[in-house]
Every structure is written in C-alpha cells, then in structure tokens.
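Reading through the structure tokens given below for one structure.
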Amino acid sequence: MTSKQTVLCLMAHPDDAEILSGGTLALLAQQGWNVVIATMTPGQAGSTTLGPDEISAVRRLEAAAAAALIQGSYCCVECEDVFILYDKPTLLNVTKLFRQVRPDLVITASPSDYMLDHEITSHLAQTACMAATIPNIRIEGTVPTQQVPHLYYADPIQGKDRFGQSVIANIAIDISSVMPTKEAMLCCHKSQRAWLQKISGVDEYVIMMKEFSAKNGARIGCEYAEGYRQHLGFSYPQDDLLKHELAAWTHEGK
C-alpha cells in the first residue's frame, strides 16, 4: 500500500469529480492516498431559487461532505460558472493551488467536452502541472514543486466531445466494488437534482451516472468503470502511475 501520496482532482464545478472520478478517488483513498477535490467555481449559477451567494454556500458544504466520505478534502479556486478564463490571474491561482497541494497525480476534465468551463479547466490544469515547477513563476507564499505530476483526463460528460462524437478512454478503472461510495458521494450534492431537472428535464442524475459507468464497465467486462487518458506530452511523466497504484482494477483499451 502506498502511503500518503496525493491525488488532486481539479474539475470545473461541484459534483463533476463525483460523476466522473468518484470511484477512482475512492479506490486511491483505500490505497492510502491523500485525496483533494478542487473545483474552479463554487457553482454559483446552479439554482433557480437561490441567489449566487446562497447556492454557493450550499454547494461548498455539499462538496466538502462528498470529499469527507473518502477522508478527502475540498477547496475552490473561486471563479464563476460560465466565466472560467484561461488568463494570467486564473493561471496564477491554479498554479498556487498546485504548489500548496503538491500532487503526485492529477485528474482533470477532458480537453474536449460539452461546455467551455470544462475544457478551460482541463487546459488550466495541464499548464499548472508544469508552471508549478518553474521558480521564475513567482507566487508569494509558495515554493515550486519538484516535478511535473502525472496527469490524467477523465471522460467528458456522457463520453461525448463537443461534436457529439464518442471519446473512448484507453485506461479503464473497474469501480464496481466502490460504486456504493461513488453514489453516496454524488448524493451529497442534493441541490443539483432540482437544478438539473429544471434546466434539462433530467430527473435523478444519479441514475444517469450509473448508466454511463455501466456502459464503461461493459467495455471491459465488469459492472461499472471510469475511463481516462494520460497526458504524455514532452516533459510529463511517461509511466502509468494510475495503473501502477490500481493495477488490480485497471484495464487498458486499444
């Protein structure tokens, strides 16, 4: 069992981490990892009945409760829904987060997804992985990290890119044993059921999560799975740390 390595799951909004990576985070926690879930926004747009400040307060508590189920922690970069920007101030804030958390492994959103909040979050995470190591990027109160962390992209929502084309992950994690935990984490986000029902006509997004996890599971012959692609560009780690740590639950696709 690996002791106290850290995984940072940076997603755009509260509940994204639970929908896309809750099972993998639960498995890593079982293996002794420190889990940090971070969101770019507190989800201030996510209500038709509460104002921005009120729903943000609710959603921060929901996100913290979800992380606590796997003895993890939650933090927010404090951007706003729809207004996540790839600019210097935001990059400095994300880089600061990376220096504070000092992750060994990073999970973030897909570079191509149904909305730009997710895509920009993905690009911010990619840049911060490297920027956090650079001494001449000076951020008061922080010390540069020593190495670029392993970076993985979760599936886009419902496995489709911005053109509606299927994105097939080449790494699949069997999360069948921790689906009850993943479901419980998502159920902490109680405010979102009413919101999604109102804006998209979707009732019970837990069922949608399980249906997509089952679709991923069918590809590798198990009940439920989560999919990933590893960032393998120049200067990023080339070994598969996720597979190494979760070998018993990992399947590689073609």
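Miscellaneous remarks
- Test: residue in the stretch 123-141 that is out of contact with any strand residue (DSSP E or B) (no Cβ under 9 Å at 6 or more places or on another chain), more than 21 Å from residue 40 (Cα to Cα), at pLDDT below 95 and among the hydrophobic types (A, V, I, L, M, F, W, C): no
A quick yes/no check of all residues on (1) modelled with pLDDT under 95; (2) surrounded by fewer than 18 Cβ atoms within 10 Å (Cβ to Cβ); (3) more than 23 Å from residue 6 (Cα to Cα); (4) among the hydroxyl-bearing types (Ser, Thr, Tyr):
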{"site": "191", "(1), (2), (3), (4)": "yes, no, yes, yes"}
{"site": "200", "(1), (2), (3), (4)": "yes, yes, yes, yes"}
{"site": "219", "(1), (2), (3), (4)": "yes, yes, yes, no"}
{"site": "231", "(1), (2), (3), (4)": "no, no, no, no"}
{"site": "241", "(1), (2), (3), (4)": "no, no, no, no"}
{"site": "244", "(1), (2), (3), (4)": "no, yes, no, no"}
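- Residue match in the stretch 50-67 (condition: closer than 23 Å to residue 103 by Cβ, within 16 Å of the chain's Cα centre (by Cα) and surrounded by fewer than 16 Cβ atoms within 10 Å (Cβ to Cβ)): no
- All positions within the stretch 71-96 that are in contact (Cβ under 8 Å) with a residue 60 or more places away in the chain, part of a loop (DSSP other than H, G, I, E, B) and either within 23 Å of residue 232 (Cα to Cα) or not hydrophobic (A, V, I, L, M, F, W, C) (or both): 81
- Exactly one residue out of 229, 219 is assigned to a strand (DSSP E or B) and touching a residue at least 12 places away in the same chain (Cβ under 8 Å): that is 229.
- Test: residue in the stretch 97-107 that is of a type outside the set (A, V, I, L, M), in a loop (DSSP other than H, G, I, E, B), under 27 Å from residue 133 (Cα atoms) and free of Cβ contacts under 8 Å to residues at least 60 places away in the same chain: no
- Taking the listed residues 104, 174, 117, the one that is in contact with a Phe, Trp or Tyr (Cβ under 9 Å, 6 or more places away or on another chain), buried (at least 17 other Cβ atoms within 10 Å of the Cβ), under 16 Å from residue 231 (Cα atoms) and not β-branched (Val, Ile, Thr) is 104, with no other qualifying.
- Contact annotation: residue pairs with Cβ atoms under 6 Å, 6 or more positions apart or on different chains, pairing a residue in the stretch 23-35 that is within 13 Å of residue 6 (Cα to Cα) and outside any helix (DSSP H, G or I) with a partner that is at pLDDT below 95 and of a type in the set (Val, Ile, Thr), are 31/2; 32/2.
- The set of residues from the stretch 59-81 being farther than 21 Å from residue 118 by Cα and either of a type in the set (Val, Ile, Thr) or at pLDDT below 95 (or both) comprises just one member, 70.
- Within the stretch 36-60, considering residues that are of a type in the set (Gly, Ala, Ser) and without any contact (Cβ under 8 Å) to a residue 24 or more places away in the chain, the one farthest from residue 128 (Cα to Cα): 51
- Residue ID - nearest to residue 192 (Cα to Cα), chosen from residues in the stretch 27-49 that are small (Gly, Ala, Ser) and surrounded by fewer than 24 Cβ atoms within 10 Å (Cβ to Cβ): 47
The values are calculated or read from the model by the stated rules, or taken from the named source; none is laboratory data. On a predicted model such as this, the values are computed, not experimentally measured, just so you know. In this analysis, Cβ positions are derived from the backbone assuming ideal geometry, glycine residues included, and neighbour counts consider all displayed protein chains.
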